[in-house]
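Below you'll find the structure, written out as structure tokens, and then a few comments.
Just so it is clear, none of the values below were taken in a lab; they were calculated from the coordinates. Every value quoted in this text rests on a predicted model; they were computed, and no experiment measured them. So basically every Cβ, Gly included, is an ideal-geometry build from the backbone, and we count neighbours across all protein chains shown.
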């Protein structure tokens, strides 16, 4: 198990929700943390993290903007000295339909794919060169979705847990007809993960994905139209929210993944979805990539 104390980490999209939980969990392990978000409130997180006894850097930045990415990564390196960990968390979602008019479709594409795919791509590319130059290995964790690995794709490896909320597991992959762009942007992360993982084996840089299911956060509440205190006065909302995972539990899974160190799993999609324990499960056998390509 690797000690994370003294490591330097980047967390994108950290002003609210899961990203904030990731940053706090890293700081609790003794990591220095650089955070960014489009929201001005990201600046408030810096002092909170520093109060935990670590170095912190914060910047308002849009990961879909290449100039913002360059500036944030350069400033993070200047503030912390190096980058050992990237948590590619920034993401967004809103309903999109196959029959939306073309003007809405273009705006939706730029907003959703620009953040969820382009943003993770550019952050990864910016940080990879720094990690290679440092020569000390590294960790990249992309935040994907359980829509493409729900219960383990292909269906043959579904564990058929009694706790599964679908009853007759496995649940089909995909988020439904109102998430075509969201799913496309997140499924595409497989391409980045597999290619980066293979290419970076000689540099001892691991690349994995957290495939997040419903986790209580501002993003999912916004998608369903729930206020942050909705469960206090809406029994129907409370019934939904009570089934969701917590940000803190999800953050602990990321910490456990990072503690595996350079000899741990690589090019793995880790499934966190409703009905499964929110824990780091054993690595699954590779079905889209060969073990030989990851053995250096």
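Key figures
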read-out: Normalised convex hull volume, segment 1-73, alpha-carbon set, Å³ per residue; value: 84
read-out: Cα-based convex hull, segment 49-153, per residue volume (Å³, whole number); value: 155
read-out: Estimated FRET transfer efficiency when R0 is 41 angstrom, pair residue 79-residue 166 (beta carbons, to 0.05); value: 0.35
read-out: Distance between modelled label sites at residue 41 and residue 106, nm, 7 Å Cα→Cβ extension; value: 3.3
read-out: Separation between Cα centres of segment 182-215 and segment 39-109, rounded to whole Å; value: 18
read-out: Length-normalised contact order of segment 1-136 in % [C-alpha pairs under 8 Å, at least 6 apart]; value: 24
read-out: Per-peptide average of other Cβ atoms within 10 Å, ordering 117-125, 15-23, 158-166, 39-47 highest first; value: 15-23, 117-125, 39-47, 158-166
